[in-house]
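The values are calculated or read from the model by the stated rules, or taken from the named source; none is laboratory data. Fair warning: this is a prediction, and the values are worked out from it, not measured in the lab. FYI the Cβ positions are ideal-geometry reconstructions off the backbone, even for glycines, and counts take in every protein chain you see. Note: areas computed on protein heavy atoms with side chains; ligands, DNA, RNA excluded. Shrake-Rupley method; radii C 1.70, N 1.55, O 1.52, S 1.80 Å.
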Amino acid sequence: MMTSVELGAIGYGVAALGNLYAARPDDVWPAIIPAAWEAGIRYFDVAPHYGLGLAEERLGEGLRGLPRDEYVVSTKIGRLLEPNPDYRPGQSDIGNLFDVPSTLRRRFDFSRDGVLRSVEDSLTRLGLDRIDILFVHDPDDHEREALDGAFPALAELRSQGVIRAYGAGMNQSAMLSRFVRETDLDIVMCAGRYTLLDGTAAADLLPAAEERGVQVVVAAVFNSGLLATDRPVAGATFDYAAAPEALIRRVDRIADVAALYGVTLPQLAVQFPLRHPAVSTVVLGADTPEQIVRNAALAAPDVPAALWAELDAERLIAPVDPASSFL
């Protein structure tokens, strides 16, 4: 029984509310969810991992008072939060990319009991009485446990009406493809593997999802920064490492062609995955209200077909090996 949940073209991935990379000022973060709502966003994705539960708490606070039937929330299972016995005052979780006190620690758990406890904890932090979508989060080293424990538990929760849909969220497409074929999941979230510069998922995940009627949400469409600006900036990153010079030249050329049509790199980055029939939604992060408003507008107006044709003709966009040279 696969379920399609209406998410809209753009969702907000709320890791920033968990102080990703740096603490969000108290006069900034409370305005982000209201700004997203005003911009028309109705899908919000979070995880216990983000800020050791802080992102879930802040998302719940931001959604409080809004009509529950008008928005969709997804969170994740796989990392249980428990007291950190090694915590000392002043210690931060920044080693895991979140600027929060490390009073808690994460423990991977993809068992049935772990799923049920994780859901209960997330509901408490979010202050909600239900979660719409649950993703198995980053089971890269736990495939068997996820298949034997997490997915059957999620199917049970769906059959009981506790959740509307379930799936998996990962930074790779190969294992997601296996999950699509081997389980009864409804939806997957694929980060970084179906972008202007990396078409990996086109070879495995997207055909499998289309065949099975599974909804695909694409995240990390800016490949960690290289595609987030109108032109590559100094120190631009690709998949969280310094972008190779050949890739920067290719992105510069894409920007040259796009500029002739009055289109920006971020617009291309967002609209590229949405062209595929299996992809329903692109999830974008944002650090400020201004960023979320800008991001919400990137799905419209549509990029002209002639621009896509020109980029395809020059072999500038995926599916192209991102490691290939561009001269």
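Would you mind classifying the range 209-327 by shape? Square roots of the alpha carbon gyration tensor eigenvalues, ordered a ≥ b ≥ c; an a/c under 1.5 is rounded, otherwise it is prolate if a/b is larger than b/c and oblate if not.
Note, shape of the range 209-327 comes out rounded.
Quick one: pull the percent of accessible area on the chain belonging to carbon and sulfur, 1.4 Å probe, ligands and nucleic acids left out.
Answer for the chain: carbon and sulfur cover 53 percent of the accessible area.
Among the DSSP beta bridges whose two residues both lie in the chain, what percent are antiparallel, rounded to the nearest 5?
That works out to approximately 25 percent antiparallel.
When the Cα centres of the range 50-86 and the range 1-47 are compared, how far apart do they sit, in Å?
11 Å
If you project the alpha carbons of the range 25-68 onto their three principal axes, what span does each projection cover, largest first, in Å?
27, 23, 16
When Lys and Arg each count +1 and Asp and Glu each count -1, what net charge do the other residues less than 9 Å away from TYR21, Cβ to Cβ, add up to?
-2
So what is the relative contact order of the range 67-219, in percent, for Cα pairs below 8 Å that sit 6 or more residues apart?
19 percent
What is the mean projected area of the alpha carbon convex hull for the chain, to one decimal in square nanometres?
So the mean shadow area of the Cα hull is 16.6 nm².
For the chain, what is the relative contact order in percent, using Cα pairs closer than 8 Å and at least 6 residues apart in sequence?
20 percent
Around CYS190, under 11 Å between beta carbons, what's the net of Lys plus Arg minus Asp minus Glu among the other residues?
Spelling it out: positives minus negatives among the neighbours equals -1.
How much accessible area per residue does the range 82-204 have, in Å², with a 1.4 Å probe?
Counting only protein heavy atoms, the per-residue value for the range 82-204 is 43 Å².
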